[in-house]
1. Between 71, 146, 212, whose Cα lies farthest towards the positive end of the dipole of the chain when Lys and Arg beta carbons carry +1 and Asp and Glu beta carbons carry -1, centred on the Cα centre?
2. Angle, helix 196-208 long axis vs. longest principal axis of the chain, Cα atoms, 0 to 90°, nearest 10?
3. Sort 92-105, 3-16 for me by packing, meaning the mean count of neighbouring Cβ atoms within 10 Å per residue, highest on top.
4. Could you work out the helix-only [θ] at 222 nm for the chain, with each DSSP H run of four or more residues adding -39,500 (n - 2.57) and the total divided by the number of residues, to the nearest 500 deg cm²/dmol?
5. Could you tell me how many degrees, from 0 to 90 and to the nearest 10, lie between the Cα long axis of helix 300-318 and the main elongation axis, the longest principal axis, of the Cα atoms of the chain?
6. Can you give the local net charge around residue 258? Use residues other than it whose beta-carbon is closer than 10 angstrom to its beta-carbon, Lys and Arg +1, Asp and Glu -1.
7. Could you do me a favour and compute the accessible area per residue for the chain, 1.4 Å probe, result in Å²?
8. Can you pull the percent of the range 2-190's accessible area that's carbon plus sulfur, 1.4 Å probe, other chains left in place?
Amino acid sequence: MEKIASELKGIKRAAIAGHVRPDGDCVGSCMGLYLYLRENYPEIETDIYLEKPRDAFSMISHLDEIRTAYTDEEAYDVFFVIDTSTSDRIGVAWEAYQKAKKKICIDHHVSNKGFGDINVVKPDVSSASEVLFGVLDEEKISKSVAEAIYMGMAHDTGVFKFSSTTPETLRIAAKLMEKGIDFTSIIDETFFQKSYVQNQILGRCLMESIMLLDGKCIIGCIRKRDMEFYGVEPKDLDGIVDQLRITKGVEVAIFLYEVKTQEFKVSMRSNGPVDVNVAASYFSGGGHVKAAGCTMQGSVYDVINNLTGHIEKQIKEKCSD
């Protein structure tokens, strides 16, 4: 599929969905496509399904039209799955995806093997939002669509500083800026700005973090009781792993938070040659070479020991002096 227009002929009903616990790239890419179809193909009945996004993303147009549950019985003609590495990570619209007549996957995760009828998966591209830009007609991208795509790209590139950022990424960002978007507010309000309790939980995690493997690995953990004490949800923990990552001398940062007793969501970031996707994939997760995640069972000590065993092997092989 070169352009999305070729897959929209004769389509009456379309659906869009992203992964569980949607981040900036997921929300940006899904909303970008939703607004694009809404504006350019009004004859197509289009629905978007995501878990409730963070309030910080409310600057994106028509965010309130997101559906957080699937209740329809009729099958969609086409179902777009965006920024989702495997079908079991589809959020609230799994049943709708199963029923859809045609499934299109748009993604950039290296662990995505292609689970749609049509797959546009580009692991070398910075973000799902950037992949999406490539399949849209540029002249039909409005300011509101540009805002959503720019937000997604900014989030998955760490505001255009991660190694996944390419000259083409910046050229696309420039084209989006030319649409008249308020790029400063998008970055400040959706990426950097945090609430007081978000800063508190970040501080708690940093204060209690530990260094392992001769200072090459840092680990932070938030327990369920901590989240309840501060009144935060998983979406309030965005950015903690990246703050751990910039610790001097660290090759790999690991952040875990408890989702229920003896179960932890794990996020990993790499600063160098360590491939965290390898470790995440071993535990049925995935992602990218420098950013990956998984869900693990056991005590916090079990999770740390199992993870660091895989990380230590790579550090010895790839980071030895």
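The values are calculated or read from the model by the stated rules, or taken from the named source; none is laboratory data. Remember, it's a predicted structure, so these values are computed and weren't measured experimentally. A quick note on method: Cβ atoms are made from the backbone with ideal geometry, for glycine too, and the neighbour counts reach across all protein chains shown. Areas reflect the complete protein model, heavy atoms only, side chains present, ligands, DNA and RNA absent. Shrake-Rupley method; radii C 1.70, N 1.55, O 1.52, S 1.80 Å.
1. Sorting the options by dipole projection puts first 212.
2. So the inclination is approximately 40 degrees.
3. On the way: 92-105: 18.2, 3-16: 16.1.
So the peptides 92-105, 3-16, ranked by packing, come out 92-105, 3-16.
4. That comes out to -10500 deg cm²/dmol.
5. Its long axis makes an angle of about 90 degrees.
6. Values: positive: 223, 224, 225, 260, 265; negative: 226, 263.
Net charge in that neighbourhood comes out at +3.
7. On the way: 14400 Å² over 321 residues.
I get 45 Å² per residue for the chain.
8. Numbers: 3660 of 7720 Å².
Roughly 47 percent, rounded to a whole number.
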